[in-house]
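Report on the structure given below.
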Amino acid sequence: MKKIQRVLAICMRLIFPIFSLTTSFAQESNWTHFRGSHLNGISGDTLVPVFWNDTTNIIWKTDIRGRGWSSPVVFGNQVWMSSATVDGKEMSGICVDFKSGKQLFYILLFKQDSIYGKHPVNTYATPTSCIEQGFVYLNFGSSGTACVNTESGQIVWKRSDLKCEHMQGTGASPILYKDLLILHYEGTDHQFIVALNKKTGETVWRTERPPECYEHLAPVGKKAYVTPIVIKVGGKDLLVSNGAAVCIAYEAETGKEVWRVVQGEDSTIAMPFSEEEIVYFYTSFVTPENGEKYAELLAVDPKGLGDITKTNVLWRLKSPVLQLLTPLIKDGIIYTVDSRNNLLVIDARTGVTLYSKKLKNRYNSSPVYAGGRIYFTSVKGETLVLQAGRTLQVVAENKLPGDVYATPAIVKNSILIRNEFSLYRVGPIK
């Protein structure tokens, strides 16, 4: 009997690593949210192409009906995006096959006669969807949110009663947390976060932004477009959400406030990001008594309660306002391009800039990482590939036609790049 037990134990030790590798591979085979399955822009793939153009290393190109800056999300062999007509009166979900690029579904989700206003650069389908086994969740801000069955293409539920005045359009992407779908509505009139039951669409909790942080602001200063993250601090999951006037950590399951950092007086756009139990985020505008408006990149110790503005900020880096892309952090180094087209690589521990470089184009698409390299894609469709590290090493500069605002997805050693008209799968040609 003991001999059999020893044999079984040996077998389990052999099987467990194989199981772990299989599980890890399954995770890397999907890209489920804006900036990936872990909301950090990092892929574990190692054979992602470095060089491409519109005729080299293109596995397929598929034209996408309508217009949208939402990024592609991937589960299994399905790629999902949202799209809208240019006038914003029809909003849809689109699914294509990962292997072939063939369209599988085009689903009209919302149709409306009156529309909200938006910035000329924005679209009516800018929030990135989130996806899991069997279901995709597509959000269009005040126009509505829908859950779609990914096998049948049938609409499971819809909500169109959650409203705010976006003013310049919507941009905050939904995220999944356990059985919750979490959405941000931060407009000139109302600012709140809501968690829905992902199976039914019913409200589980709703939390208003604290009025004392907003009541002194003009309506135009109350709007924000931020996608939150979830981090674990002291064994508790915290939802970190950076609004126009305050960054707040909430209990993810209840929406109860845990701590806040107060700073700013208008629009935040870039997501918070985190590594090694430190949270980083760009504040909104700060107006000095004499001088030009600015923002700051803050590093914050998230182990605190209440107002931690004066106690838990580890360092500050002055930055230009209206930061659009979300920086990427990997192995203690932050990679970003600010709103004045400056590439900055920053030591995450100290806030010291390791190197900088002025770039010729704007970068609204957030950087992504794979195989030791950082990929930055400009609005002109140029992708700058850098070797990760503390010194500037340009690996490649690639170009695809069309404007790019969507953040690429990296999955199965391929890069999915969406421009204003099409979706490209860039990958190694076998």
Exercise for review: For A125, indicate whether it is out of contact with any Cys (no Cβ under 7 Å at 6 or more places or on another chain), within 30 Å of K232 (Cα to Cα) and surrounded by 15 or more Cβ atoms within 10 Å (Cβ to Cβ).
Suggested key: no
Practice item. List every residue pair whose Cβ atoms lie under 7 Å apart, where the two residues are 6 or more positions apart in sequence or sit on different chains, the first residue falls within the stretch 31-44 and is in a strand (DSSP E or B), and the second residue, located anywhere, is of a type in the set (D, E, K, R) and surrounded by fewer than 20 Cβ atoms within 10 Å (Cβ to Cβ). Key: I42/K330
Review point. Is one or more of the residues making up the stretch 103-110 within 18 Å of the chain's Cα centre (by Cα) and modelled with pLDDT of 95 or more?
Key: no
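Is it fair to say V220 is buried (at least 19 other Cβ atoms within 10 Å of the Cβ) and either of a type in the set (K, R) or in contact (Cβ under 8 Å) with a residue 40 or more places away in the chain (or both)?
no
Here is a yes/no grid of residues against (1) within 21 Å of A172 (Cα to Cα); (2) in contact with a Pro (Cβ under 6 Å, 6 or more places away or on another chain); (3) modelled with pLDDT under 95:
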position	(1), (2), (3)
L328	yes, yes, no
Y335	no, yes, no
V345	no, no, no
L354	no, no, no
K380	no, no, no
Q387	no, no, no
Point to revise | the stretch 177-230, residues that are of a type in the set (S, T, Y) and under 27 Å from Q323 (Cα atoms) | key: Y177, Y185, T188, T207, Y214, Y225, T227
**Study point:** All positions within the stretch 65-82 that are more than 20 Å from V368 (Cα to Cα) and crowded, with 22+ Cβ neighbours inside 10 Å
**Key:** S82
Review point. Among the residues of the stretch 175-187, is any assigned to a strand (DSSP E or B) and without any contact (Cβ under 8 Å) to a residue 40 or more places away in the chain?
Key: no
Exercise for review: Report yes if Y424 is assigned to a loop (DSSP other than H, G, I, E, B), more than 24 Å from R316 (Cβ to Cβ), of a type in the set (F, W, Y) and in contact (Cβ under 8 Å) with a residue 12 or more places away in the chain, otherwise no.
Suggested key: no
Check your understanding: Assuming G88 fulfils every condition listed in (1) in contact with a helix residue (DSSP H, G or I) (Cβ under 8 Å, 6 or more places away or on another chain); (2) over 22 Å from P120 (Cα atoms) apart from one, which condition is it?
Key -> (2)
Check your understanding: G201 versus (1) among the small types (G, A, S); (2) under 19 Å from P72 (Cα atoms); (3) assigned to a loop (DSSP other than H, G, I, E, B): which is the lone unmet condition?
Key -> (2)
Study note, to complete from the structure: For the stretch 275-324 the number of residues that are more than 18 Å from N342 (Cβ to Cβ) and of a type in the set (S, T, Y) is 4
Check your understanding: Does K358 count as more than 20 Å from W69 (Cβ to Cβ) and either under 20 Å from the mean Cα position of the chain (by Cα) or modelled with pLDDT of 95 or more (or both)?
Key -> yes
**Study point:** Single residue of the stretch 374-430 satisfying the filter (among the polar types (S, T, N, Q) and farther than 27 Å from A125 by Cβ) that is surrounded by the most Cβ atoms within 10 Å (Cβ to Cβ)
**Key:** N413
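Quick one: in the stretch 328-352, which of the residues that are assigned to a loop (DSSP other than H, G, I, E, B) and free of Cβ contacts under 8 Å to residues at least 40 places away in the same chain is surrounded by the most Cβ atoms within 10 Å (Cβ to Cβ)?
First pass over the stretch 328-352, keeping only residues assigned to a loop (DSSP other than H, G, I, E, B): 331-332, 338-341, 348-352.
Subsequent filtering for residues that are free of Cβ contacts under 8 Å to residues at least 40 places away in the same chain retains 338-341, 349-350, 352.
On the way: D338: 24, S339: 19, R340: 12, N341: 15, R349: 13, T350: 13, V352: 10.
This residue is D338.
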Review point. How about the stretch 272-327: which of its residues are of a type in the set (G, A, S) and either without any contact (Cβ under 8 Å) to a residue 12 or more places away in the chain or closer than 21 Å to L239 by Cβ (or both)?
Key: S274, S284, G291, A299, G304, G306
Revision key, fill the gap. Of the candidates E292, E265, the one satisfying the condition of being in contact with a helix residue (DSSP H, G or I) (Cβ under 7 Å, 6 or more places away or on another chain) and over 23 Å from F34 (Cα atoms) is E265
Revision key, fill the gap. Picked from the stretch 218-273 (must be β-branched (V, I, T) and under 20 Å from P127 (Cα atoms)), the residue nearest to the chain's Cα centre (by Cα) is T227
Point to revise | Search result, residues across the stretch 90-114 that are under 26 Å from D161 (Cβ atoms) and in contact with an Asp or Glu (Cβ under 7 Å, 6 or more places away or on another chain) | key: L108, K111
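The values are calculated or read from the model by the stated rules, or taken from the named source; none is laboratory data. Model, not experiment: these values are computed from the prediction. Every residue, glycine as well, gets a Cβ built from its backbone with ideal geometry; the counts of neighbours run over all protein chains shown.
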